[in-house]
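*Asks:* Quick one: the structure is below, and I'll ask about it shortly.
The values are calculated or read from the model by the stated rules, or taken from the named source; none is laboratory data. Model, not experiment: these values are computed from the prediction. Positions of Cβ are generated from backbone atoms using ideal geometry, with glycine treated the same way; all protein chains shown enter the neighbour counts.
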Amino acid sequence: MRQTQLVAIIMMWLCMVCTGHAQANVHQHFKTSIYVRAYEVNKMKDLHWLDSTWTVISRQLKVDKVYLETHRDLLIVEDATLEQAKRFFKERGIETAGGITYTINEANSFETFCYSNPEHRQMVRKIAEHTARHFDEFILDDFFFTSCKSDIEIKAKGTMSWTEYRLKVMTEAGRNLVLQPARKVNPKVKVIIKYPNWYDHFQGLGFNLEEGPYLFDGVWTGTETRDPASNQHLQNYLSYCIIRYFDNLRPGYNGGGWVDVGGLQMGMDRYAEQLHLTLLAKAPEIILFAYHQLLDVKLSPRYRTPWQGMGTSFCYDQVMAPIPTADGSSIEPTTMARIADVVLGQTDQLLGKLGRPVGITSYKPFHAAGDDFLQNYLGMIGLPMDIVPHFPEDKQTVLLTAQAAGDPQLMASIKKQLQAGRDVVITSGLLKAIPEKIAEVAELRCGDLKALVSDFGRHGQAERDILMPQVQYYTNDAWEMVSAGRPLTGGVSGYPVLLRAAYSAGQLYVLTIPDDMGQLYDYPAGALNEIRRVLSRDLDAYLEGPSKVALFAYDNRTLVVENFNDHAVEVCVTTGEQIEHLTVLDDGTVLDPLPAEPQRGWFPAPPKHAFRVMLLPHSYKAFKY
């Protein structure tokens, strides 16, 4: 009996070594998974195709798990094919789970099911039952919403708004068409809903962030930011920020992040950043979408950006280097799977040194709209964001955007925060939305008048004109911390960029947001520094320097500074005087503070230490203090 067991153990070990999946190769701090669309799962009926394609991917990328999709675009994968694919991966030590994409025709503007249509409802139910028969866990790809406006849906909506109707019908569909049927077929099945990256617009299509995370067995997070200038205009920082937000919806139930090939056309760095930022947010698992991309998107010199060769964090030449094997030979990398493997391995080495992410708390009520995706722009100017669905009661500073306007208890919460000696920062968008309510604290106004500015006085000069709202106030009741004009110095008009008004023991600040949020990146460094200082009371450190540099803070006195510019930058990590040194995590280099500079302005800042940091393009450094 012992000899039989020994042979079995040896055979299993040899199998793992031969397929490149020995336990030593698995990342320490997260699980790496691949999502396989129904189109490719259907091809897995051909074992030769499955074996040959998996060989290409697995020789370049270490994988823990695959998600085998059962349905997409009315293609339902047969039972025998699913079971054959499951066996194939199990024999190679790879976990399997299921997946569903509830689309009728993805190519037709992501055509979804109509969830009041009896025929569609029956199909949705059957797909869930089919999937639950084969898997104890499956994930809904991010199309479990509805954009349908058929006559059936119009009649079912009645007098409700589209948002009200869709929230109602999709919550009901999740419960009665997916979860109940799946659990009836397989009582131990776990059903996960993957939410996409466009979170500020969810309510309009039926994604219910108030009930969904508690209705389903878990959530997943779309962290794809791709090209920030493309249709969605999602900034790089979203790949981090959205994980943190979904973590706060139901702590402990966010399974991980999801990245696709989008953005690779901008260079390898843009794809690498999405993977890296997902993991900096401490995602426990990352899904790479998708099998066909990891197989078919070939490595190319066009992915080598002009700043490569300088020693940047994401190194194209490292990706292209031959992969050593246990027998002393090597494998030539051929597809984007190799990019993912290198970046994931590199980030894994850092994650164990970082604690739990912390940031500047921004309150976003459920189903709220306004200042869409602003927190991601703020993250790109060095403000670590932490979005929460409830007004916090234990933070020194709370950021409120126009999203908070609909909370009927908002002013009571604001007053309580200020009377406790803490700060509230509101955006010009929130001021414009509820001026009468804000007037209970300070009589401020933000109407339709605009200002074209470029000169920030002692805080610096912008390189281009910035169009922003005019915030108005009563002299001596509020004070401008940062001002701008065109020009301001030697000009005739100035407008507040950061305004301060006292109330009880606290301070209310108004942060003016330009009409184009991207113009926050045009603010001069001096203006950004003051904004960062004011908003960072809950943090041990803040940045001083230009925009498009992000700060990631952790509760174990560590931080990461990352440059998203196409050129090198110099920034300062600024702390209180009690922090005397900053130590680079990877090599132990100790940074001493710069000599103190004289204080300027009406309201002197507290004493500080500033540590100079040089960052190459699209590169990061990690520190402890």
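*Asks:* Filter the range 554-585 down to residues that are under 21 Å from the mean Cα position of the chain (by Cα) and polar (S, T, N, Q) and give me whichever is farthest from HIS609 (Cα to Cα).
*Replies:* Among residues in the range 554-585 that are under 21 Å from the mean Cα position of the chain (by Cα) and polar (S, T, N, Q), the one farthest from HIS609 (Cα to Cα) is ASN565.
*Asks:* Select from the range 101-127 the residues that are touching a residue at least 60 places away in the same chain (Cβ under 8 Å) and either more than 30 Å from ASP151 (Cβ to Cβ) or not hydroxyl-bearing (Ser, Thr, Tyr) (or both) and list them in ascending order.
*Replies:* Of everything in the range 101-127, nothing turns out to be touching a residue at least 60 places away in the same chain (Cβ under 8 Å) and either more than 30 Å from ASP151 (Cβ to Cβ) or not hydroxyl-bearing (Ser, Thr, Tyr) (or both).
*Asks:* Quick one: in the range 126-167, which of the residues that are in contact with a His (Cβ under 9 Å, 6 or more places away or on another chain) and not hydrophobic (A, V, I, L, M, F, W, C) is surrounded by the fewest Cβ atoms within 10 Å (Cβ to Cβ)?
*Replies:* Among those that are in contact with a His (Cβ under 9 Å, 6 or more places away or on another chain) and not hydrophobic (A, V, I, L, M, F, W, C), it is THR163.
*Asks:* Let me ask you something else. Taking the range 483-502, which residues are surrounded by 17 or more Cβ atoms within 10 Å (Cβ to Cβ) and more than 13 Å from GLY457 (Cβ to Cβ)?
*Replies:* LEU499, ARG500, ALA501
*Asks:* Let me ask something else. Taking the stated definitions as given, is PRO595 without any contact (Cβ under 8 Å) to a residue 24 or more places away in the chain and either closer than 27 Å to ALA478 by Cα or surrounded by fewer than 20 Cβ atoms within 10 Å (Cβ to Cβ) (or both)?
*Replies:* yes
*Asks:* Count, please, the residues in the range 463-521 that happen to be under 15 Å from ILE531 (Cα atoms) and among the acidic types (Asp, Glu).
*Replies:* Of the residues in that region, 1 qualify.
*Asks:* Further question on the same structure: Tally time: how many residues in the range 140-170 are in contact with a Phe, Trp or Tyr (Cβ under 6 Å, 6 or more places away or on another chain) and either under 30 Å from GLY256 (Cα atoms) or in contact (Cβ under 8 Å) with a residue 60 or more places away in the chain (or both)?
*Replies:* Total meeting the criteria: 5.
*Asks:* A further question on this structure: Output yes when any residue across the range 584-605 is touching a strand residue (DSSP E or B) at 6+ places or on another chain (Cβ under 6 Å), closer than 19 Å to THR397 by Cβ and either of a type outside the set (Ser, Thr, Tyr) or modelled with pLDDT of 95 or more (or both), and no when none is.
*Replies:* No, that holds for no residue.
*Asks:* Quick check: is even one residue across the range 208-224 surrounded by 21 or more Cβ atoms within 10 Å (Cβ to Cβ) and small (Gly, Ala, Ser)?
*Replies:* The answer is yes; a qualifying residue exists.
*Asks:* Given the options GLN318, GLN375, name the one that is closer than 30 Å to ASP247 by Cβ and touching a residue at least 12 places away in the same chain (Cβ under 8 Å).
*Replies:* From the options GLN318, GLN375, the qualifying one is GLN375.
*Asks:* I've got another one for you. Need pairs with beta-carbon distance below 6 Å; first residue under 30 Å from LYS548 (Cβ atoms) and within the range 490-518, second exposed (fewer than 14 other Cβ atoms within 10 Å of the Cβ); sequence gap 6+ or separate chains.
*Replies:* As it stands, the answer is ASP515/LEU467, since those pairs meet every condition given.
*Asks:* Just checking, how many residues over the range 316-357 are of a type in the set (D, E, K, R), closer than 12 Å to GLN60 by Cα and surrounded by fewer than 19 Cβ atoms within 10 Å (Cβ to Cβ)?
*Replies:* Final tally of qualifying residues: 1.
*Asks:* Applying the selection to the range 484-506, what residues are closer than 19 Å to ILE426 by Cα and not in a strand (DSSP E or B)?
*Replies:* Once the filter is applied, which keeps residues that are closer than 19 Å to ILE426 by Cα and not in a strand (DSSP E or B), the range 484-506 yields SER504, ALA505.
*Asks:* Filtering the range 231-246 down to residues that are assigned to a loop (DSSP other than H, G, I, E, B) and touching a residue at least 12 places away in the same chain (Cβ under 8 Å), which residue is farthest from ALA553 (Cα to Cα)?
*Replies:* Ranking the qualifying residues of the range 231-246, first place goes to GLN232.
*Asks:* Return the total of residues in the range 433-476 being farther than 25 Å from PRO524 by Cα, touching an Asp or Glu at 6+ places or on another chain (Cβ under 7 Å) and loosely packed, with under 15 Cβ neighbours inside 10 Å.
*Replies:* Within the range 433-476, residues that are farther than 25 Å from PRO524 by Cα, touching an Asp or Glu at 6+ places or on another chain (Cβ under 7 Å) and loosely packed, with under 15 Cβ neighbours inside 10 Å number 1.
*Asks:* While we're here: Consider GLY382 carefully, then state whether it is in contact with a Gly (Cβ under 8 Å, 6 or more places away or on another chain) and part of a loop (DSSP other than H, G, I, E, B).
*Replies:* yes
*Asks:* All but one of (1) buried (at least 24 other Cβ atoms within 10 Å of the Cβ); (2) at positive phi; (3) not charged (D, E, K, R) hold for HIS233; which doesn't?
*Replies:* (1)
*Asks:* Within the range 504-528, count every residue that is touching a Phe, Trp or Tyr at 6+ places or on another chain (Cβ under 8 Å) and under 15 Å from ALA610 (Cα atoms).
*Replies:* 1
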